[in-house]
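Step one of this worksheet: look at the structure below.
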Amino acid sequence: MEGNHVAFSCVRATDNRINTLTAFNPIVTGSAVVTRKENEGDETEKPKELMRLAEKDYFGERALLLDAPRAATVTALSPCELLYIRRDAFEMI
């Protein structure tokens, strides 16, 4: 490995969508909710809550392992501190 490579970094999020489409994200502190719409194109449809996440939970494993598009939306419920592990950095391990 040449030069300085960052394998992971820390991301802070507050009460908004956590937009990390190509990363694996363990939650260090805070909490979040995972939601999904059955029909993404329907602006009137209310997203269904799938689960809540807290410290030591994670999301984004599909992006990391399968290079798959996101399957849900993760929204911070409180200020969050996340680890952000990019797919390209993971593949170097």
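With the simple model of a label 7 Å out from the Cα in the direction of the Cβ, Glu91 to Met51 spans 2.6 nm. Put simply, the amide H of Leu50, placed in the peptide plane, has neighbours under 5 Å in Val34, Thr35, Arg36, leaving out anything fewer than 5 places away on its chain.
All of the numbers you see were taken from the coordinates with simple rules; none came from a lab. On a predicted model such as this, the values are computed, not experimentally measured, just so you know. When we count neighbours, we look across all protein chains shown, and the Cβ atoms used for this are built from the backbone with ideal geometry, even at glycine.
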